[in-house]
Amino acid sequence: MIKATLYPKTTRISSKTKDIIITEKLDGSNLGFFVKDDELYIAQRNNVFTMSEAFDKYSQVKGILYKGLIGWLEKNGEELKSSIYEGTIIFGEWLGMGQLKYNFEDKFFMFAKGRFDEFGNVIKLTYNLSLLHYAFNNQEFPNFIKRVPKVDTLGSYPTVEQLDDIYELYTNEVGRNVEGFVINQNETIRKYVRMKNGNLTKHVEKGE
């Protein structure tokens, strides 16, 4: 296992742009997977380790592994290793450790894919939901991985007041608590947050 952070932090919304795709911000833990030299690697927020390490040294890393991840890997790890296109890394939210509780059967919701160079740096990162399936060898999602839920597509960047209205409509539609949204404009993402520590709050713009 190595100490590393592969996925960058997400900034909050603060300005108007164009060509907007809004997805739900799930209350999960950032998680990535990639295959190198026929080995599946697991990239949590601050640690990267192989599936072999997760299994062989489980007693040593069980305090680091996300809740429920070892069982999920035991069930799906080998298929995932054979599914991911080598040289590609996928990122998503691992559910089960946040304040919000979901009634989803699935635990991993993918929101981005990228490539990694010879130095292990993530490059060509995309959040385009219509491109995520290209991360897999057969260009199809394994049945144990889903995309993050899409909320809306807009022609111009929304104000916080508009996002408040979309949030109310969306939460009524899905019938559950929603942490917030991720707003994607030309691969620049920002977040709109309404649930903190399980409580509904007003979104605070950057700089306030």
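The values are calculated or read from the model by the stated rules, or taken from the named source; none is laboratory data. It should be emphasised that the depicted structure is a prediction, and the values quoted were computed from it without experimental measurement. Heads up, the Cβs are rebuilt from the backbone with ideal geometry, glycines too, and the neighbour counts pull from every protein chain shown.
On the basis of being out of contact with any Phe, Trp or Tyr (no Cβ under 6 Å at 6 or more places or on another chain), surrounded by fewer than 12 Cβ atoms within 10 Å (Cβ to Cβ), closer than 16 Å to F108 by Cβ and in contact (Cβ under 8 Å) with a residue 12 or more places away in the chain, does K81 make the cut? Against the criterion (out of contact with any Phe, Trp or Tyr (no Cβ under 6 Å at 6 or more places or on another chain), surrounded by fewer than 12 Cβ atoms within 10 Å (Cβ to Cβ), closer than 16 Å to F108 by Cβ and in contact (Cβ under 8 Å) with a residue 12 or more places away in the chain), K81 does not qualify. Residues in the stretch 127-145 that are of a type in the set (S, T, Y) and out of contact with any strand residue (DSSP E or B) (no Cβ under 6 Å at 6 or more places or on another chain) were compared, and the one that is nearest to N186 (Cα to Cα) is S130. On the basis of being in the same structural domain as T188 (by TED's automatic domain parsing) and either more than 30 Å from I189 (Cα to Cα) or under 18 Å from the mean Cα position of the chain (by Cα) (or both), does I22 make the cut? In short, yes.
When the residues of the stretch 119-144 are filtered to those that are in contact with a helix residue (DSSP H, G or I) (Cβ under 8 Å, 6 or more places away or on another chain) and hydrophobic (A, V, I, L, M, F, W, C), the one that is farthest from G28 (Cα to Cα) is F136.
Those helices (runs of 4 or more DSSP H) of the stretch 19-110 in which at least 2 residues are in contact with a strand residue (DSSP E or B) (Cβ under 9 Å, 6 or more places away or on another chain), considering only elements entirely within it, cover 51-56, 69-83.
Listed here are the residues, each with its yes/no results for (1) assigned to a loop (DSSP other than H, G, I, E, B); (2) of a type in the set (A, V, I, L, M); (3) modelled with pLDDT under 95; (4) not assigned by TED's automatic domain parsing to the domain that holds F91.
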site: L132; (1), (2), (3), (4): no, yes, no, no
site: F141; (1), (2), (3), (4): yes, no, no, no
site: G155; (1), (2), (3), (4): no, no, yes, yes
site: E161; (1), (2), (3), (4): no, no, no, yes
site: D164; (1), (2), (3), (4): no, no, no, yes
site: N172; (1), (2), (3), (4): no, no, no, yes
site: Y192; (1), (2), (3), (4): no, no, no, yes
site: E205; (1), (2), (3), (4): yes, no, yes, yes
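Looking at E118, E105, E140, just one residue is loosely packed, with under 14 Cβ neighbours inside 10 Å and touching a His at 6+ places or on another chain (Cβ under 8 Å), and that residue is E140. Within this structure, V148 passes the test of being of a type in the set (V, I, T) and either surrounded by 16 or more Cβ atoms within 10 Å (Cβ to Cβ) or under 13 Å from the mean Cα position of the chain (by Cα) (or both). Among the conditions (1) at pLDDT 95 or above; (2) part of a loop (DSSP other than H, G, I, E, B); (3) over 26 Å from R45 (Cβ atoms), the only one that V178 does not satisfy is (3).
Of the residues G155, G114, G92, G96, the single one that is at positive phi and out of contact with any Cys (no Cβ under 6 Å at 6 or more places or on another chain) is G96. Among the residues here, F136 qualifies as aromatic (F, W, Y) and closer than 30 Å to E78 by Cβ.
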